[in-house]
Amino acid sequence: MAEPGVRVAPAELSVRRRLESALGRAATDTEAAMVSVLWSEHCSYGHSKLALRQFASRGPRVRVGPGENAGVVDIGQGYLLAAKIESHNHPSAVEPVEGAATGLGGIMRDVLATGARPIAFLDALFFGPPGVAADERLAQGVVEGVAHYANAVGVPTVGGEVTVDPAYAQSPLVNAMCVGLLPESHLLPSAARTAGELVVLLGSTTGRDGIAGASFASRDTSQDLGDRPQVQVGDPFRGKLLIEAVQVLVERGLLSGLGDLGAAGITSAAAEMAQRGHRGMTLDLAQVPLREMAMGPAEILLSESQERMLLVIRPQDLPQVLAVAQHFSLAAAAIGQVTARQQFTALLGAQTVADLPVEVLAEGAQLFDLSSLAKPPVVAGRTQPATLAEWARGRLGGWALADRRQVFERYDDRVGLRTTRLPGTGAAWVKVPEALSTLALSVDSRPWLSATRARQAGRELVLEGVRNLAAAGARAIALTDCLNFGDPDQPEVAWSFLETVGGLAEAAAAMAIPVIGGNVSFYNGEGARPILPTPVLGTVGLRADGIPDRVAVDNGRLWLALVGSRAAVGDPWALPDPDYALETEMAEAVIELLTLPFSVAVEDVGDGGLWQAVMEQALRWNLGGHFHTADDQGDGLEAWCAEGGSRYLLVTTDPEQAGDWATGRGVPFCLLGQLAGDQMTCADSRAALWRAPLSQLKDAAQRRFWR
């Protein structure tokens, strides 16, 4: 049921006519331009806001939830963690290097806007398959952009994932997550709360780059090819100066509020800060430091020039703020004032170019109830293999085992000296000695599962995040999501989106993990060929005490064992219904397991089932082996390919002690076999199902994402 005043279908009136109806007068061109951007899907969340209200966002650790720049949680000892994930898909499809780079810059400033120092990036990248020059150019450009910005700004990229599928041909997805650290006393609101305080623009000068970027991201990239905005250009060196300047301002107590200038530039930042503080703003655009001549008022207000922040300060602190800016060679100017009257007024000298109620500007967009439109898709599912040998051939011929080092070795993962677990070995570990703790961070997605079973995929993503962190010896404390879909006005896309959100919300609430923020990106794909539904979930956790950083092992004395069980369903391709209590119990058991001297590593059994998990360990240790499952794991494909359930793969130096621990803990346990030799064999309780030399796995791992 739509809420009162919520429209179910797209409006017939133009944005300008709707604005003029709300104002009761004719709108200026500048006002119409501002509203057309702020009411676009990218800024207003008109198609998703109602659904996102399902997320439980409160908890004992939560200090800031959705609706501000980044979510913030308490990690102890008087310290907080800020975290958020966002997309930069549309710009990356046009100009992959700068699109990806500015995606990192934008999410970094979201975290910076809380008062935090950014300490880590993660990314989730989705590309079309190699072999097509255009897709290879996009993939290479995106990775180059991520590496250039993160490495230069001095924030480590500590984890992520890379997915290759034809669904992303010419429509790459670039999802970037950033986390930051701050003392609780430094937490800042992204709001303007006190009338009479000054509004200061800090950072780079303002140009014409990125104007209409938010509107461009609110339609698919096949439209209006001649009217794409100039893609923003990131400057990581100036971004680094901005980080340091903000840290000084925060430490000196010179800021009352802080906002990031991203989509819709000054307009969005100022309107949102005023709206959150129940105040207004008057801005003089003649005071904005410009780098281009003859910019009009709408251009100044809507420019998406990078590396800029909006500050709210006490008038008496302006000289100190300007001195800090000068020290870091950043442009800065007082461009306006917070007002008690809840009106957004923009002046150009003596001329008033816009005068709008803040509520109309920030909250005047229509909301759409997608439930009346949603329709389940007719999914042409993949033909499922009849044997494990057939399954293995498909996985070896695809990108499941391709070594992601060709991507993440471009990144600096150790700058800042906090990273204690390097990419490629599971959830990242980032030390926070200030809070006497270590963070565990991961990002996960399941596009094909989302395409065929959207609600189950939403549930499974939350549980996979919990398992990933448990396998790293950590407990999840917060989630941040990036929901990538096609055109929401298509019934099948609307259905997939609503089902995904429903599954995510159910599992997050059941596991008592708050969703502290995120991003929705619609209109991905080209016309009738949308991307796969691609929800991406970032999970933040704290590593438990007693988990060793490294374990010394003899590669010749390692065994693999399956810990936990999957509900018997008789169908290898069906997901069991989640058992949330069991998931919590198993996560705690695995954390305990990792403290014991016979445990070398643990990996959750997820995408690709047990077969994928065993193959990854064989590649990691450069050893083959004969591995067989027990009767209670099912036979054939169910034993080796089934997904779901609370299951983990243990690498151990002493299978007898591991089995005794499992018996004493009441945990299902199946010894699979020893890592040894250069041949791989997978068997069930009856017979060998698949054999191959270890060299076949190595060949699959050496497949390149681009030439």
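Structural remarks
- Some residue of the stretch 553-572 being within 23 Å of residue 627 (Cα to Cα), crowded, with 17+ Cβ neighbours inside 10 Å, out of contact with any His (no Cβ under 9 Å at 6 or more places or on another chain) and of a type in the set (D, E, K, R): yes
- Number of the exception - residue 323 against (1) of a type in the set (Gly, Ala, Ser); (2) touching a helix residue (DSSP H, G or I) at 6+ places or on another chain (Cβ under 9 Å); (3) assigned to a helix (DSSP H, G or I): (2)
- Residue 157 vs. criteria buried (at least 24 other Cβ atoms within 10 Å of the Cβ) and closer than 30 Å to residue 312 by Cβ: no
- The residues in the stretch 651-701 that are part of a helix (DSSP H, G or I), among the polar types (S, T, N, Q) and touching a residue at least 40 places away in the same chain (Cβ under 8 Å) can be counted, and the count is 2.
- Which numbered condition residue 264 fails, given (1) touching a Cys at 6+ places or on another chain (Cβ under 6 Å); (2) free of Cβ contacts under 8 Å to residues at least 24 places away in the same chain; (3) among the small types (Gly, Ala, Ser): (2)
- Those strands (runs of 3 or more DSSP E) lying entirely in the stretch 23-129 with at least 2 residues in contact (Cβ under 8 Å) with a residue 12 or more places away in the chain, surrounded by fewer than 24 Cβ atoms within 10 Å (Cβ to Cβ) and in contact with a Lys or Arg (Cβ under 8 Å, 6 or more places away or on another chain): 71-76
- Residues of the stretch 611-639 satisfying the condition of being buried (at least 23 other Cβ atoms within 10 Å of the Cβ) and modelled with pLDDT of 95 or more: 611, 614, 615, 625, 627
- In the stretch 405-443, the residue that is surrounded by the most Cβ atoms within 10 Å (Cβ to Cβ) out of those that are more than 17 Å from the chain's Cα centre (by Cα) and part of a helix (DSSP H, G or I) is 407.
- Residue within the stretch 651-671 that is closer than 21 Å to residue 694 by Cα, buried (at least 21 other Cβ atoms within 10 Å of the Cβ) and of a type outside the set (Val, Ile, Thr) present: no
- Filtered by the rule that a residue be among the hydroxyl-bearing types (Ser, Thr, Tyr) and either within 30 Å of residue 453 (Cβ to Cβ) or touching a residue at least 60 places away in the same chain (Cβ under 8 Å) (or both), the stretch 349-382 gives 371, 372.
- Scan of the stretch 252-275 for residues that are touching a Gly at 6+ places or on another chain (Cβ under 8 Å) and either in a strand (DSSP E or B) or among the basic types (Lys, Arg) (or both), ordered by number: 257, 258, 260
- Criterion applied to 360, 312 was being in contact with a Lys or Arg (Cβ under 9 Å, 6 or more places away or on another chain) and crowded, with 18+ Cβ neighbours inside 10 Å, and the one residue passing it is 312.
The values are calculated or read from the model by the stated rules, or taken from the named source; none is laboratory data. Here the structure is a predicted model, which is why all the values come from computation and not from measurement. Glycine also receives a Cβ, built like all others from the backbone with ideal geometry; neighbour counts cover every protein chain displayed.
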